[in-house]
Amino acid sequence: MNIRTITIKDNSEFNSVVSHPLQSFEWGEFRRKTGIKVIRRGFFEKRKLVKGFTLTIHKIPKTPFSIGYLPKGDMPNKELIDELRRIGKEEKCIFIQLEPNIILNRHSGEEQGEDSRIDSGQARMTKLDLVLAAHPLFTKYTFVLD
């Protein structure tokens, strides 16, 4: 899989593969215009964009360090974590907070409760040696009306 920086010419394709408005190209542009550094990456199979993310970088005053924040992105996997580690080193991040967009499928026929599906997502993050944040910045639940 190829990973590369997403530019304005990729914006509509990028928006079609991200799963939440906080990951959209436009939200990143809004954040950039408010003075926040925005990094967008796309994961390509051959020449097709298959997933992507928007990461914001927040400087810590009076230090050379920063904090990364990736709200409502895909569930992390090894490729994503490796790319975030690389970016984190470049940007001198003391940590990068991930708040994945865990989608609960009520129509799947699964018998398990909502909490067990969320716990399953947390277990997957723990297997990647990620530490769960005590205080997420965005709400834990987003309701999708269709």
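The numbered conditions (1) more than 21 Å from residue 13 (Cβ to Cβ); (2) touching a residue at least 60 places away in the same chain (Cβ under 8 Å); (3) not hydroxyl-bearing (Ser, Thr, Tyr) are all true for residue 81 except (2). If we scan the stretch 1-21, do we find a residue that is surrounded by 15 or more Cβ atoms within 10 Å (Cβ to Cβ), over 21 Å from residue 128 (Cα atoms), aliphatic (A, V, I, L, M) and touching a residue at least 40 places away in the same chain (Cβ under 8 Å)? Yes, the stretch 1-21 has at least one match. Could you check, for the stretch 64-86, whether at least one of its residues is farther than 15 Å from residue 130 by Cβ, within 13 Å of the chain's Cα centre (by Cα) and of a type in the set (A, V, I, L, M)? No, because not a single residue in the stretch 64-86 is farther than 15 Å from residue 130 by Cβ, within 13 Å of the chain's Cα centre (by Cα) and of a type in the set (A, V, I, L, M). Just one of the listed residues (37, 33, 48) is surrounded by 13 or more Cβ atoms within 10 Å (Cβ to Cβ) and not aliphatic (A, V, I, L, M), namely 37.
The conditions of being over 18 Å from residue 89 (Cβ atoms), crowded, with 18+ Cβ neighbours inside 10 Å and at pLDDT below 95 are not met by residue 76.
The values are calculated or read from the model by the stated rules, or taken from the named source; none is laboratory data. All values reported here derive from a predicted model rather than from experimental measurement. Counting neighbours? That spans all protein chains shown, and the Cβs are built from the backbone with ideal geometry, glycine included.
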